[in-house]
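The values are calculated or read from the model by the stated rules, or taken from the named source; none is laboratory data. These figures come from a predicted structure and were not determined experimentally. Every residue, glycine among them, receives a Cβ derived from its backbone with ideal geometry; neighbour counts consider all protein chains shown.
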Amino acid sequence: MDFIPIDVPLDAAQALRDSEANFRTFFETIDDLIFVGDPEGHILYANPAVARKLGYSTEELLASTILDMHPRNVQDEATEILGAMVRRERDACPLPLATKSGGLLPVETRIWIGRWNGRDCIFGICKDLSAEREATQRFERLFRNNPALMALSGLDDKRFVDVNEAFLSTLGYTPAEVVGRSAMELDLFPHPEQHRQAARELAEQGRIQSFAIQVRHRDGSLLDGLFSGELIISQGKQYFLTVMHDITALKRAESELRRINAVMKHQTTVAHDLAAQAQAANAAKSEFLANMSHEIRTPMNAVLGMNGLLLDTALTTEQRRYAETVQSSGEALLALINDILDLSKIEAGQLTLEALDFELEPELENALEMVRVRAIQKGLALTCNIDADVPAALSGDPGRLRQVLVNLAGNAVKFTDRGGVAIRVSLQRSDNIGLVLHFSVRDTGIGISGEQHGRLFGQFSQVDASTTRRYGGTGLGLAISKQLAQLMGGEIGVISDAGRGSEFWFTARFGRSAVASQPTVAASGSPRPSLPNDFVGYVLVAEDNIVNQQVALAFLRKLGVRADAVGNGREAIAALQSTPYDLVLMDVQMPVMDGFDATRAIRSSRGPRSGVPIVAMTALAMEGDRERCLEAGMEDYISKPIAAAALVRVLERWLPR
Ligand code: ADP
């Protein structure tokens with residue numbers, strides 16, 4: 001191929017040669033397809049892009065026409081368009097070219113007429129559109145299938161040019177209703193100021209991102225959206241491309257969450273209020289119980305005390321039997337009151353455990369002493385085993401431990417008629433803070449069916465009503481035992497079946513103790529020591545209840561002590577001014593002036609008796625009473641009903657022998 005005509009002067013020929021070289025380089029490196037054809041369209045030259053993109057060899061190209069490069073089915077149309085372009089009636093031909101293998105190459109073809117090698121020729125340049133087409137297709141797919149609402153609108157008139165399926169279905173429109181109209185005309189935005197702000201940002205910055213906006217559905221309902229948009233150029237024209245994410249459901253969920261949150265907050269407040277009320281009610285109940293137990297204990301004090309005195313007099317056999325029945329019934333009633341009081345104390349959180357050093361074995365013996373008499377009477381064997389690895393000396397609350405053991409062992413004896421009761425103590429766990437002991441009380445008695453186990457440890461629960469009739473009891477023992485075991489850091493449980501005996505067990509945590517202190521106070525089941533009667537002294541009893549006065553005076557006289565009685569605090573103060581008493585037993589609750597006020601008055605007076613020892617007598621047995629008495633200036637404390645042994649201990653402390 002030679003571009004240089006022969007009849008050109010030399011220097012001009014050189015210039016032409018340079019130009020030809022430039023053109024050749026240009027033609028051979030350009031990505032577009034370039035053809036040169038004769039007026040009939042026979043190909044005289046094709047650049048390498050043609051061979052590369054359509055797959056023909058140079059020989060094949062030189063044997064073909066430009067028309068042959070088009071797919072067969074558009075060749076007629078191509079003839080027409082090329083003709084029109086030659087006549088300058090059209091600028092470009094949009095028809096694709098065909099590859100040798102049958103594929104299509106999208107191009108835009110332009111032609112011009114020129115001369116080449118001294119003859120008229122057609123120059124054709126086909127711009128390869130495949131990359132552009134691909135990008136368009138990709139955009140198209142993205143636009144059509146996007147779950148977000150997408151729209152393309154004109155820059156100036158703001159009218160929709162195209163919208164996607166999500167736009168139509170979410171807002172309830174058909175394409176015909178939308179295309180060609182603006183958002184304003186469709187009244188899409190219920191808050192024009194929002195729309196104006198979005199439009200302003202879009203215009204000023206060329207883009208807008210995640211702008212919260214409300215949109216109106218065709219049916220009038222409102223949707224929440226996050227709106228983004230930007231300016232794009234497509235085929236030389238500027239458009240707005242906008243994308244909106246429908247966050248209505250999200251917003252609704254959020255507000256629902258907020259509502260649920262508010263409801264929950266409210267309910268929590270209500271629950272707190274209820275809990276506070278329940279707590280107050282429970283505190284009131286505990287208080288009531290404490291007070292009621294005072295009301296019951298005061299006359300009980302009189303009943304048991306007087307009856308005790310009666311039993312010390314000469315009685316006929318019949319009278320003695322009656323009095324003994326009164327005594328045992330009174331003691332049972334007192335036990336019940338103590339149970340109720342224990343429970344109310346535990347529930348009010350007022351029962352605190354002691355941490356004393358004690359020896360386990362004597363403590364166990366003491367506890368068993370209390371049930372042994374019954375066991376012997378019923379002909380039952382009562383055994384107790386302590387595993388060798390259980391430490392002898394412990395630190396804990398021996399009184400509460402004894403209470404649980406006596407409860408369980410007492411029940412075991414009560415509900416067993418043949419065989420025996422075996423107690424075993426083993427070491428369950430030992431760690432750096434102490435140890436956990438496991439106590440088991442096993443009997444061969446009537447047993448308890450499985451479905452009853454759950455209720456056993458509740459309050460006032462007995463396996464069946466006939467139990468009360470046959471065996472007595474209140475149904476409080478196990479409830480208290482459970483609470484005590486838990487207070488001691490342990491648990492309680494039962495293994496039993498009807499007719500097969502029972503094993504009640506509990507665990508409790510103890511500290512280790514190097515040396516055990518002296519054995520704890522003898523249990524009430526042990527033989528009573530005979531009362532001493534060699535006290536020397538003069539005692540004043542301040543007590544408003546006449547019967548209680550009599551009981552106290554009678555006890556005191558039995559112990560060899562002189563004693564007077566007054567009915568209230570004011571009388572006590574007056575009596576002290578005239579008589580040199582060595583000790584005052586002061587009831588706490590009295591009319592006119594109570595024991596606290598009287599004590600404070602005595603302590604603050606300058607009289608010779610202001611230092612007299614004052615011992616409170618009170619039926620209030622709640623935690624804190626002792627402290628109140630000591631605070632008022634009393635030295636000691638004795639709980640009513642007054643037991644002889646307790647009175648002896650008080651006198652031993654405060655009177656000479
Ligand atoms: P109660 O004062 O009635 O004995 P408890 O709380 O100590 O109260 O016991 C509740 C009930 O559990 C008893 O009434 C009895 O029905 C049952 N129970 C307790 N211990 C035993 C046992 N060792 N054998 C059979 N039944 C028992």
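Computed values, structure above
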quantity: The one condition in (1) modelled with pLDDT of 90 or more; (2) farther than 28 Å from Ser513 by Cβ that Ile423 fails to fulfil; calculated: (2)
quantity: When residues of the range 386-441 are limited to those that are among the charged types (D, E, K, R) and not in a strand (DSSP E or B), the one farthest from the ligand (Cβ to nearest atom); calculated: Asp389
quantity: Subset tally (residues that are in contact with a strand residue (DSSP E or B) (Cβ under 7 Å, 6 or more places away or on another chain) and farther than 18 Å from Arg133 by Cβ) for the range 87-119; calculated: 7
quantity: In the range 325-354, residue surrounded by the fewest Cβ atoms within 10 Å (Cβ to Cβ) [restricted to those that are without any contact (Cβ under 8 Å) to a residue 60 or more places away in the chain and under 22 Å from Gln279 (Cα atoms)]; calculated: Gly349
quantity: Search result, residues across the range 304-324 that are surrounded by 13 or more Cβ atoms within 10 Å (Cβ to Cβ) and free of Cβ contacts under 8 Å to residues at least 40 places away in the same chain; calculated: Asn307, Leu310, Leu311, Leu315, Gln319, Arg320, Tyr322, Ala323, Glu324
quantity: Count of residues meeting criterion [under 18 Å from Asp156 (Cβ atoms) and assigned to a loop (DSSP other than H, G, I, E, B)] in the range 205-240; calculated: 3
quantity: Index of the failed condition, Leu226 passing every other in (1) under 23 Å from Asp162 (Cβ atoms); (2) surrounded by fewer than 15 Cβ atoms within 10 Å (Cβ to Cβ); calculated: (2)
quantity: Residue within the range 410-420 that is among the small types (Gly, Ala, Ser), in contact (Cβ under 8 Å) with a residue 40 or more places away in the chain and surrounded by fewer than 17 Cβ atoms within 10 Å (Cβ to Cβ) present; calculated: yes
quantity: Among the candidates Thr79, Thr109, residue that is among the polar types (S, T, N, Q) and assigned to a strand (DSSP E or B); calculated: Thr109
quantity: Residue count for the range 138-191, restricted to those that are surrounded by 19 or more Cβ atoms within 10 Å (Cβ to Cβ), farther than 20 Å from Thr248 by Cβ and touching a residue at least 24 places away in the same chain (Cβ under 8 Å); calculated: 1
quantity: Among the candidates Asn291, Asn282, Asn301, residue that is at pLDDT below 90, surrounded by 13 or more Cβ atoms within 10 Å (Cβ to Cβ) and touching a Pro at 6+ places or on another chain (Cβ under 6 Å); calculated: Asn301
quantity: Members of the range 233-257 that are closer than 22 Å to Arg196 by Cβ and over 38 Å from the mean Cα position of the chain (by Cα); calculated: Gln238, Tyr239, Phe240, Leu241, Thr242, Val243, Met244
quantity: Index of the failed condition, Arg400 passing every other in (1) over 42 Å from the mean Cα position of the chain (by Cα); (2) over 21 Å from Ile448 (Cα atoms); (3) buried (at least 19 other Cβ atoms within 10 Å of the Cβ); calculated: (1)
quantity: Lone unmet requirement of (1) over 18 Å from Tyr239 (Cα atoms); (2) surrounded by 13 or more Cβ atoms within 10 Å (Cβ to Cβ); (3) free of Cβ contacts under 8 Å to residues at least 24 places away in the same chain for Val107; calculated: (3)
quantity: Residues within the range 170-202 that are farther than 17 Å from Arg159 by Cα and assigned to a helix (DSSP H, G or I), tallied; calculated: 5
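Let's see how each residue does on (1) within 14 Å of Asp339 (Cα to Cα); (2) within 13 Å of the ligand (Cβ to nearest atom); (3) in a loop (DSSP other than H, G, I, E, B); (4) among the β-branched types (Val, Ile, Thr):
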| residue | (1), (2), (3), (4) |
| --- | --- |
| Gly475 | yes, yes, yes, no |
| Ser481 | yes, yes, no, no |
| Gln486 | no, no, no, no |
| Gly490 | no, no, yes, no |
| Val494 | no, yes, no, yes |
| Arg500 | no, yes, yes, no |
| Glu503 | no, yes, no, no |
| Ala508 | no, no, no, no |
